[in-house]
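All remarks here apply to the structure that follows.
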Amino acid sequence: MFGTLNDHQRFLIRQSWSHIEYLEKLIKEIEEQADTLLQNYQEEVQLLTTIPGIKKDTAAIIIAEIGVDMSQFPTSQHLASWAGVSPGNKESAGKRYSTKSVKGNPHIKSAMCEAAWAVSRCRNRWLATKYWSIAARRGKKKALVAISHRMLRIIYSMLINKEPFKEMQVN
């Protein structure tokens with residue numbers, strides 16, 4: 001008997017389906033709660049979403065982790081170092097050693113790397129061109145961290161100056 005289901009299989013399918021519906025309901029509630037919390041930061045969300053690769057969810061993570069007040073970081077380099085996307089700079093007697101990035105906030109680091117990966121897949125974008133240029137020389141993982149670093153520095157200046165992202169021309 002090909003293609004028939006017995007009572008036990010139908011029961012398992014119903015249980016799986018109700019579990020999926022329950023999870024979808026929870027996800028919807030979480031998204032509604034996040035939207036409620038982001039009501040006070042609509043201007044910043046609009047600014048952040050002008051950067052290619054950053055959508056509302058990533059903007060929410062960025063705002064949750066670093067906030068919108070950039071006065072706590074003296075420079076954009078301090079922010080990048082705190083986030084853990086600064087390159088290592090171990091050197092002794094003129095010889096360069098490890099370039100492993102520093103430890104930092106794992107949540108913002110992973111969100112920025114996801115955004116960097118998304119922007120690397122865009123066409124005719126300055127950040128994507130930069131990514132592929134670095135990836136050819138240093139490798140894809142180091143290029144992701146480098147683009148994350150650059151994007152975080154852009155975010156810092158955008159939140160300080162309250163100006164949207166302006167795309168540089170790609171030759």
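Values quoted throughout were computed directly from the atomic coordinates according to the rules given, and no laboratory measurement underlies them. What you see is a predicted model; the values in this text were computed from it and never measured. Cβ coordinates were reconstructed from backbone atoms using ideal geometry, including for glycine residues, and neighbour counts include every protein chain displayed.
Work out the length of the dipole vector of the chain about its Cα centre, built from +1 on the beta-carbon of each Lys and Arg and -1 on the beta-carbon of each Asp and Glu, and round it to the nearest 20 debye. Spell out each step's value before the answer.
Working: 25 positive and 16 negative charges, 293 e Å.
I would put it at about 1400 debye.
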Find the eigenvalues of the gyration tensor of the Cα atoms of the chain, then list the square roots of 5 times those eigenvalues as equivalent ellipsoid semi-axes, largest first, in whole angstrom.
38, 23, 17
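Report, in debye and to the nearest 20, how large the dipole of segment 23-80 comes out about its Cα centre when Lys and Arg carry +1 and Asp and Glu carry -1 on their Cβ. Intermediate results must be reported in sequence, preceding the final value.
Values: 4 positive and 10 negative charges, 31 e Å.
The calculated dipole for segment 23-80 is roughly 140 debye.
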What is the distance in Å between the Cα centres of segment 125-147 and segment 18-61?
28 Å
Could you work out how much longer the chain between Trp117 and Asn161 gets when fully extended? Use 0.36 nm per residue separation minus the Cα distance between them, nm to one decimal.
13.3 nm
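Restricting to Cα pairs below 8 Å that are 6+ residues apart, what does the relative contact order work out to for the chain? Please round to a whole percent.
On the way: 170 pairs, mean separation 40.8, N = 171.
Computed value for the chain: 24 percent relative contact order.
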Dipole check, the chain, charges on Cβ (K,R +1; D,E -1), about Cα centroid: among Leu5, Ile147, Gly67 the Cα furthest to the positive pole belongs to Ile147
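For segment 123-164, which semi-axes, largest first and in whole Å, follow from the square roots of 5 times the eigenvalues of its Cα gyration tensor? Walk me through the numbers before you get to the answer.
Values: eigenvalues 105, 27, 5 Å².
Sorted largest first and rounded, they come to 23, 12, 5 Å.
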Principal axis dimensions, largest first and in whole angstrom, of segment 1-59 by Cα:
60, 24, 9
P(r) of segment 78-171 in 10 Å steps, Cα pairs, percent per bin?
16, 44, 32, 8, 0
Set Lys95/Lys140; Lys95/Lys141; Lys28/Lys162; Lys28/Lys55; Lys100/Lys166 screened for pairs whose C-alpha atoms are more than 20 Å apart:
Lys95/Lys140; Lys95/Lys141; Lys28/Lys162; Lys100/Lys166
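State the dimensionless ratio Rg/Rh of segment 17-113 (Rg: radius of gyration of Cα atoms; Rh: Kirkwood radius).
Values: Rg = 18.1 Å, Rh = 16.0 Å.
My calculation puts Rg/Rh at 1.13.
What value, in deg cm²/dmol to 500, does the helix sum -39500 (n - 2.57) over DSSP H runs of n ≥ 4 give at 222 nm once divided by the residues of the chain?
On the way: 7 runs with 107 residues, N = 171.
The helix contribution divided over the chain gives -20500 deg cm²/dmol.
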7 Å from Cα along Cα→Cβ at both Glu65 and Asn40: what's the point-to-point distance in nm?
2.1 nm
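Restricting attention to segment 95-128, which chymotrypsin sites (Phe, Trp or Tyr not before Pro) occupy a DSSP loop and are surrounded by at most 15 other Cβ atoms within 10 Å?
Values: sites: Tyr97, Trp117, Trp126; in loops: Tyr97.
Sparse-neighbourhood loop chymotrypsin sites (Phe, Trp or Tyr not before Pro): Tyr97.
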Any idea which of Tyr156, Gln77, Gln42 is furthest toward the positive side of the dipole for the chain, if Lys and Arg beta-carbons carry +1 and Asp and Glu beta-carbons -1?
Gln77
